[in-house]
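This report concerns only the one structure given below.
Throughout, read-outs are computed from the coordinates displayed, never taken from laboratory work. Model, not experiment: these values are computed from the prediction. Backbone-built Cβ (ideal geometry, glycine too); neighbour counts: all protein chains shown.
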Protein chains: 2
Amino acid sequence: MAKQAFPLSGVYGLIETGPVVLISTRWKGRESIMAQSWHTMIEFDPPILACVISESNYSFELIEKSGECAINIPTVEIGRQVALCGNSSGRNADKFEACAFTREKASDVEAALIGECYASLECKVIDRVKQYDLFVMEVTRAWVDPAVTEPRTLHHRGYGAFMVAGETVSLPSEMR
Amino acid sequence: MAKQAFPLSGVYGLIETGPVVLISTRWKGRESIMAQSWHTMIEFDPPILACVISESNYSFELIEKSGECAINIPTVEIGRQVALCGNSSGRNADKFEACAFTREKASDVEAALIGECYASLECKVIDRVKQYDLFVMEVTRAWVDPAVTEPRTLHHRGYGAFMVAGETVSLPSEMR
């Protein structure tokens, strides 16, 4: 994927469709990647989002300690790798190797971006809502492959059933 | 739509795909419907979700005062009605009439369910995270049309561009 810098004001349009994301983390040489669907935008610009990450996830400690992560958006072309990622823990495996993902260097965070994902967002934790396991994060830098105009993102329906993004339609909407 | 009672344990699978939802509210005879994409599950069972609703929305007061709402999930077949809904305010219009939606009586909430939506969730507000305009809501009852197995839900990409849900694929996932 040849990702290029993407305007922060457009980030909400990548996230509010509700895709499965792969959250990559790195802290003191330890790394992980977590498949995740429980996230929402909470502010347009600067883009701020909230993700549910519970203490039982290995990624929890890495994101808590480092205060940062990368949110990568996969498409159906790498669906088997995404499923592999969701089935294993970074506790006892190198998930980049296990899932055959390529590390790309980020600018603002230590976590590696996932080369096979069409979009990657560099994120800093700015707050927590501990009662609900929410990490509130600001996206400081975004990267998108401009060749991918209709990404066939994955949307989890439960137990390994994923809806694949279909065509995009225009409706006479005034919604931002 | 011939919706039937749906198990609460399956609600997350309707929401975590990230569809545009129509939130219907009713308080002291005043009603509204709000198109919304900023929501996330935060608990499986009982199903709890969080929605961003800002004070600038007419629906804010109705949901705040009543402490309840219905979350209805539309599909592309009623896309124009959804867009109409997003383009108008309940402040000065009867949105059921303006959008040609049919009211269905709910069991646990005063808000009407939207007949044209394939799924409707009756919700009680159980908490707020005011700093982020989050309403935390428990789904107490769910209704789904069992004939709709692959709902062509709408997923907002911004400025009236909506991704339509495509086919569902199975991947060897252990994710719930």
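Residues with amide H under 5 Å of residue B:128's amide H, sequence separation 5 or more or different chain, H placed in the peptide plane at 1.01 Å from N; which?
Here the answer is B:136, since their amide H atoms fall under 5 Å of that of residue B:128.
Net charge around residue B:124, counting only other residues with Cβ within less than 14 Å of its Cβ (Lys, Arg = +1; Asp, Glu = -1)?
That sum, taken over residues with Cβ under 14 Å, equals -4.
Could you please point out the chain A residue with its Cβ nearest to the axis of the rotation taking chain A onto chain B, and the distance in whole angstrom?
Closest Cβ on chain A to the axis mapping it onto B, in Å: A:18, 0.
Summing +1 for each Lys or Arg and -1 for each Asp or Glu, what net charge is found among the other residues whose Cβ lies under 11 Å from the Cβ of residue B:138?
Once all neighbours under 11 Å are counted, the net charge is -4.
Using a 10 angstrom Cβ neighbour count of at most 14 plus a DSSP loop assignment to flag exposed GluC sites (Glu not before Pro), which longest range of chain A is free of such sites?
For GluC sites (Glu not before Pro) (loop position, at most 14 other Cβ atoms within 10 Å), the longest site-free span of chain A is A:56-173.
Put +1 on the Cβ of every Lys and Arg and -1 on every Asp and Glu Cβ in region B:1-52; which of B:49, B:4, B:15 then has its Cα farthest towards the positive end of the dipole?
B:4
Could you pull out every residue, at least 5 positions away or on a different chain, whose amide H is within less than 5 Å of the one on residue A:75? Hs are placed 1.01 Å off N in the peptide plane, and Pro or chain starts have none.
Long-range HN contacts for residue A:75: A:118.
Can you pull out the trypsin sites (Lys or Arg not before Pro) in region A:83-168 whose DSSP state is coil and whose Cβ has at most 14 other Cβ atoms within 10 Å?
Taking region A:83-168 and a limit of 14 other Cβ atoms within 10 Å, the loop trypsin sites (Lys or Arg not before Pro) found are A:91, A:105.
Just to check I understand the Karplus step: with θ = phi - 60° and J = 6.51 cos²θ - 1.76 cosθ + 1.60, what whole-Hz values come out for region A:17-22, glycine and proline as x?
Using θ = phi - 60°, the values come out as 6, x, x, 4, 10, 10 Hz.
Using a label point 7 Å beyond Cα on the Cα-Cβ vector, give me the inter-copy distances for residue A:7 in nanometres, one decimal, shortest first.
4.7
List the trypsin sites (Lys or Arg not before Pro) within region B:1-44 that DSSP assigns to loop and that have no more than 12 neighbouring Cβ atoms inside 10 Å.
B:28
Work out the mean other chain Cβ neighbour count within 10 Å for the residues of A:75-88 and drop it here as an integer.
Per residue, the average neighbour count from other chains is 3.
Suppose we keep just the alpha-carbon trace of region A:4-164; what are its Rg and Dmax in angstrom?
Values for region A:4-164 (Cα only, Rg and Dmax): 14.1, 40 Å.
Cβ under 12 Å from residue A:70's Cβ, residue A:70 left aside: what net charge do those residues give with Lys, Arg +1 and Asp, Glu -1?
Its environment carries a net charge of 0.
Just how far, in whole angstrom, is region B:20-55 from region A:1-70 if you go by their alpha carbon centroids?
23 Å
Under the rule of at least 5 residues apart or a separate chain, name every residue whose amide H is placed under 5 Å from the amide H of residue B:42.
Amide H neighbours of residue B:42, under 5 Å, 5+ apart: B:48, B:49, B:50.
Rounded to whole Å and sorted largest first, list the principal axis extents of the Cα atoms in the protein assembly as shown.
Principal-axis extents of the Cα atoms in the protein assembly as shown, largest first: 59, 37, 36 Å.
Between region B:128-154 and region A:94-158, how far is it from one alpha carbon centroid to the other, in angstrom?
When both Cα centres are located, 25 Å separates them.
Would you mind calculating the relative contact order of chain A from Cα pairs under 8 angstrom and at least 6 residues apart, reporting the percent as a whole number?
Reported as a whole number, the value is 27 percent.
Using the Karplus equation 6.51 cos²θ - 1.76 cosθ + 1.60 (θ = phi - 60°), what ³J(HN,Hα) coupling, rounded to whole Hz, does each residue of region B:24-37 give in order, writing x for Gly and Pro?
9, 9, 8, 8, 6, x, 8, 9, 7, 9, 10, 7, 8, 10
Quick one: with label points 7 Å out along Cα→Cβ, list the inter-copy distances for residue B:92 in nm, shortest first?
Nearest first, the other copies' label points are 6.5 nm away.
Convert each backbone phi in region B:168-176 into a coupling constant with the Karplus relation 6.51 cos²θ - 1.76 cosθ + 1.60 (shift: θ = phi - 60°), then list the ³J(HN,Hα) values in order as whole Hz, x for Gly and Pro.
Each residue of region B:168-176 in turn: 9, 10, 9, 10, x, 10, 9, 5, 6 Hz.
So if R0 is 56 Å, what FRET efficiency would residue B:127 and residue A:168 give, r being the distance between their Cβ atoms, rounded to the nearest 0.05?
0.95
Hey, for residue A:29 with labels 7 Å out along Cα-Cβ, what do the inter-copy distances come to in nm, ordered shortest first?
Distances between equivalent label points, in nm: 7.2.
Considering chain B as a Gaussian network with a 10 Å cut-off on Cα pairs, which listed residue, B:56, B:88, B:37, attains the greatest mean-square fluctuation?
Largest GNM mean-square fluctuation: B:56.
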